[in-house]
Amino acid sequence: MLEISFAKPVAPKSGGVAILVAEGVVASKTGLAGVAGSVDKACDGAVLRALKAARFTGKKGSSCVVLAPGAGLSRVVAIGLGAGDKIDERGIEDAGGTAAAALANEETAAIAADELTRPQAASLAMGAVLRSYRFDLYRTKEKPEDKPKLATLTVLADDPAKSKAAFAPMQKVAEGVFLARDLVSEPGNILHPVEFADRLKPLSKLGLEIEILGPKEMKKLGFGAFLGVAQGSAIEPRMVVMKWLGASKGAKGKKPAKPVCFVGKGVTFDTGGISIKPAGGMEDMKWDMAGAGTVAGVMAALAGRQAKADVIGLVGLVENMPSGTAQRPGDVVTSASGQTIEVINTDAEGRLVLCDVLHYAQKQFDPALIVDLATLTGAIIIALGHEHAGMFANDDALAQKLEAAGKATAETVWRMPLGDAYDKQLKSDIADMKNVGGRPGGSITAACFIQRFIDKDRPWAHLDIAGTAWSSKDAPTVPKGATAFGVRLLDRMVAEHHEG
């Protein structure tokens, strides 16, 4: 992880420096101010002249690199913030990410934050850290010139100590994001269900209570749907329960509130089972456990920053494989809730895992609300592309909280419908339900299936993150690859609505 330091706003004399430029400043009579102005002055005006020559306006999301401008500096990176009255937290974070990418090959670098507030300086640092993520565990022959050199980025802020304090909890959230990205990036032969569960054990050092259930325990609990998915694999399934009791520990003599509960689908590799997927693109199914990765990441974030809330995270970990023991299309399984399911398509396995874990979560913890996350359907990608996760909810207030948190963290969700017309597509001739409806509205009927296992009047939301769990291109704070979508969204929701 990129190390962040905070220092007083003095123009650096070597290395690279990033400056933030609001729209219209370059063309104004006053020109660059603060550290940016000092840098330009030390370079005899070369920076401002270069920006004018490049027609750099400071438009939001734009950037301009000035190489070797003088004064011992190797490069100056100007990053546009847009109109001054429209600069927000997201824009500041994006600027930090853009700076980190542009300065990655510098051995020493700084970014000027002297005209920002302390929270904004912290957000700038957060953006830089998030963009610096790399998963290079299996690269053995990477050329030195292809590796980023920057290890520490100095944020030049008016009050370094207070800016550092504002950044401290953000850094813990970033660590949760990195954990989720690491898990999702791992190949299926390494991160199978047993290994995944083992990697969550060290989270106990953060104060999380970790409980791991194997097939024997799950059989006793009646997890017929979950274990049906697992039966084709030589690797045993696991369910991991992570408890963060940040509110209960501080409660003196008063009954703690019901916990918030997050549940994640953790299919560490999904071949589709007997209903096997096409070979093309099947390698992407290593990240069919992204929902579980997100839940692990947000639990690490909450514990890391010592959130004053009670939160339970559960992940169902399984591998969906074809074999002589695999579940067959047409099989009927009995879920932990007692409801029977006719398995029409073994590639609709995530919902079979979730239904048992969700039932357990509600009976064991009686949560105030429950949110599940899953790379559940390709249909949601057809509907929403890769810009939003699909959100299905039975509670308007919960949906609004998730939508607002998504906008604040750029992990946006779009509410999708539920209803009897869709639910009726799950009618089975021989069991309580089928595990699939038809092709029309596939993401909706999948959500309707899950809703059948939610207690009446229990606030619940389902986030289908199939289109947002992995990115094929770089974004300002999300490099190409695993996104950890949902970690920041859920952390923000807890922070704003569930911490006393």
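Count, please, the residues in segment 164-182 that happen to be among the basic types (Lys, Arg) and crowded, with 22+ Cβ neighbours inside 10 Å.
Residues of segment 164-182 among the basic types (Lys, Arg): 164, 172, 181.
This time we only want the ones that are crowded, with 22+ Cβ neighbours inside 10 Å, so: 181.
Result for segment 164-182: 1.
Scanning for something under 14 Å from Leu20 (Cβ atoms), at pLDDT 95 or above and out of contact with any strand residue (DSSP E or B) (no Cβ under 9 Å at 6 or more places or on another chain), does segment 127-134 turn up at least one residue?
Within segment 127-134, one or more residues are under 14 Å from Leu20 (Cβ atoms), at pLDDT 95 or above and out of contact with any strand residue (DSSP E or B) (no Cβ under 9 Å at 6 or more places or on another chain).
State all residues of segment 183-219 that are open to solvent by 40 Å² or more (accessible area, probe 1.4 Å) and either out of contact with any strand residue (DSSP E or B) (no Cβ under 7 Å at 6 or more places or on another chain) or part of a loop (DSSP other than H, G, I, E, B) (or both); if no residue qualifies, say none.
Asn189, Ile190, His192, Glu195, Asp198, Arg199, Pro202, Lys205, Leu206, Lys216, Glu217, Lys219
Scan segment 385-398 and give yes if some residue there is of a type in the set (S, T, N, Q) and either assigned to a helix (DSSP H, G or I) or crowded, with 24+ Cβ neighbours inside 10 Å (or both), otherwise no.
Scanning segment 385-398, I find no residue that is of a type in the set (S, T, N, Q) and either assigned to a helix (DSSP H, G or I) or crowded, with 24+ Cβ neighbours inside 10 Å (or both), so the answer is no.
So, of the residues in segment 448-457 that are without any contact (Cβ under 8 Å) to a residue 60 or more places away in the chain and either open to solvent by 10 Å² or more (accessible area, probe 1.4 Å) or of a type in the set (Gly, Ala, Ser) (or both), which turns out to be nearest to Leu376 (Cα to Cα)?
Taking segment 448-457 as the starting set, the residues that turn out to be without any contact (Cβ under 8 Å) to a residue 60 or more places away in the chain are 448, 451, 456-457.
Then keep just the ones that are either open to solvent by 10 Å² or more (accessible area, probe 1.4 Å) or of a type in the set (Gly, Ala, Ser) (or both); that gives 451, 456-457.
Details: Gln451: 14, Lys456: 23, Asp457: 24 Å.
Looking at residues that are without any contact (Cβ under 8 Å) to a residue 60 or more places away in the chain and either open to solvent by 10 Å² or more (accessible area, probe 1.4 Å) or of a type in the set (Gly, Ala, Ser) (or both), I get Gln451.
Condition test on Ile430, is it on the phi < 0 side of the Ramachandran plot, of a type in the set (A, V, I, L, M) and assigned to a helix (DSSP H, G or I)?
no
Could you pull out the residue among Thr340, Thr377, Thr334 that is open to solvent by 20 Å² or more (accessible area, probe 1.4 Å), at pLDDT 95 or above, in contact with a strand residue (DSSP E or B) (Cβ under 8 Å, 6 or more places away or on another chain) and within 26 Å of Val240 (Cβ to Cβ)?
Thr334
Among (1) within 22 Å of Val76 (Cβ to Cβ); (2) in contact with a strand residue (DSSP E or B) (Cβ under 8 Å, 6 or more places away or on another chain); (3) crowded, with 17+ Cβ neighbours inside 10 Å; (4) modelled with pLDDT of 95 or more, which single condition is Thr152 missing?
Here Thr152 clears every test but (3).
Only one of Ala168, Ala78, Ala95 is within 23 Å of Leu67 (Cβ to Cβ) and either in a helix (DSSP H, G or I) or of a type in the set (Ser, Thr, Tyr) (or both); which? Step through it out loud before you land on a result.
On the way: Ala168 fails: within 23 Å of Leu67 (Cβ to Cβ); Ala78 fails: either in a helix (DSSP H, G or I) or of a type in the set (Ser, Thr, Tyr) (or both).
Only one candidate passes the filter, namely Ala95.
Among the listed residues Asp146, Asp114, which satisfies the condition of being acidic (Asp, Glu), under 21 Å from Val17 (Cα atoms) and touching a residue at least 40 places away in the same chain (Cβ under 8 Å)? Spell out how you get there, then give the answer.
Numbers: Asp146 fails: touching a residue at least 40 places away in the same chain (Cβ under 8 Å).
None of the other options fit; the residue is Asp114.
Take the residues in segment 5-63 that are among the hydroxyl-bearing types (Ser, Thr, Tyr), within 24 Å of Pro476 (Cβ to Cβ) and without any contact (Cβ under 8 Å) to a residue 40 or more places away in the chain; name whichever of them is least open to solvent (accessible area, probe 1.4 Å).
Ser62
Can we say Asp372 is charged (D, E, K, R) and within 20 Å of the chain's Cα centre (by Cα)?
Working: charged (D, E, K, R): yes; within 20 Å of the chain's Cα centre (by Cα): yes.
Spelling it out, Asp372 is indeed charged (D, E, K, R) and within 20 Å of the chain's Cα centre (by Cα).
The values are calculated or read from the model by the stated rules, or taken from the named source; none is laboratory data. None of these values were measured; they are calculated from a predicted model. A quick note on method: Cβ atoms are made from the backbone with ideal geometry, for glycine too, and the neighbour counts reach across all protein chains shown. Only protein heavy atoms, including side chains, enter the accessible area calculation; ligands, DNA and RNA are left aside. Shrake-Rupley method; radii C 1.70, N 1.55, O 1.52, S 1.80 Å.
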